[in-house]
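Presented below is the structure to which this report refers.
The values are calculated or read from the model by the stated rules, or taken from the named source; none is laboratory data. This one's a predicted model, so the numbers in the text were calculated from it and none came from an experiment. So basically every Cβ, Gly included, is an ideal-geometry build from the backbone, and we count neighbours across all protein chains shown. These area figures cover heavy atoms from the full protein model, side chains too; ligands, DNA and RNA do not enter into them. Shrake-Rupley method; radii C 1.70, N 1.55, O 1.52, S 1.80 Å.
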Amino acid sequence: MILKDISLDLPEENVLLDEVLFVQAEKFSGGEVLRFWESQKAFIVLGRIGKEQEDIHIKAVKKDGIPVLRRASGGGTVVQGPGCLNYALILDKNRNKHLGDLRKSYQWISERVIEAVKLQGQNVVFRPISDMALASTEKKFSGNAQRRGKNFILHHGTILYNFDLKLIARYLQMPKDIPEYRRRRLHDDFVVNIPIDTQKFKCDLAKIFTVESTNNKVTHQQQAILQSLIEKSSISVDIQPS
């Protein structure tokens, strides 16, 4: 597995680079990757079938000029920005029996992320189907999503460690599908930052996933795929007033 700790300048480039690594693995024998990134600009990402009219407070988003993007994976709509660490894993389904089943793969991967978090003295738990939360309050600090291919999966998630949590309630409506453990709590009472040293977390997670080498550059092939996706994809969502 290769480690890529690389954050690009534009939100759409950061979102698409996860997809680039997945495409490279599926089509060009790119292999397994662990990537970390963080955006210095606030933006919103819809899941593959998310609906902006149902998920977003459109007036606030347009007033503040917040970009809205759509990723290729499933999962719910999220707000990104400074203080939200992203991790992405490109994993070979043929090398691990746990990855063949969607729900089992979420749990297997999350257990390893939790292991890294617990090394900093934080008591956290997995909450199906794809969340991680503080054990004491069951407040969510991590959400995850996947795109699954024939041989590889793209699993990516977030760690809120110093994020402006007020942005979530300002820009996002209450989701229609909510996990049982949320107990219909509003955003402000449900989502939390977890105080961790992000550099230590990165190092610990890399060890847990047995990273063998590091390459913090976008290769020529990755740049070509990225440019192709930028030209062909409809990642930017044109928000219209409701």
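Highest mean packing first, where packing is the average number of other Cβ atoms within 10 Å per residue, the peptides 230-237, 204-211, 106-113 line up as 106-113, 204-211, 230-237. Taking 0.36 nm per residue of separation and subtracting the current Cα-Cα distance, fully stretching the chain between Gln223 and Glu54 would add 57.4 nm. Could you pull out which residues in the range 25-57 have an amide N less than 20 Å from a spot 7 Å beyond the Cα of Asn94, following the Cα-Cβ vector? Correct set: 25-34. Within straight-line reach of Lys59, meaning a Cα separation under 15 Å, sit the following aspartates and glutamates at least 8 residues removed in sequence or on another chain: Asp238. Measuring against 26 Å, Cα to Cα, the residue pairs Lys4/Lys139; Lys104/Lys176; Lys176/Lys207; Lys166/Lys217 contain Lys4/Lys139; Lys176/Lys207; Lys166/Lys217 as the ones spanning a longer distance.
With 24 Å as the cut-off, how large is the P(r) tail for the range 1-149, expressed as percent of Cα-Cα pairs? Counting pairs separated by more than 24 Å, the tail of P(r) holds 36 percent. Per residue, the chain exposes an accessible area of 49 Å² to a 1.4 Å probe, with every protein chain left in place. Sorted on the mean count of surrounding Cβ atoms within 10 Å across their residues, most packed first, peptides 79-86, 166-173 read 79-86, 166-173. Taken one residue at a time, the phi angles of the range 38-55 give Karplus couplings (6.51, -1.76, 1.60, θ = phi - 60°) of 8, 8, 8, 10, 6, 7, 10, 10, 7, x, 3, 10, x, 10, 4, 5, 9, 9 Hz. Gly and Pro are set to x.
Averaging the Cα positions of each part gives two centres, and for the range 2-26 and the range 193-242 these lie 4 Å apart. Taking only the Cα atoms of the range 89-222, the ratio Rg/Rh comes out at 0.98, with Rh defined as the Kirkwood radius.
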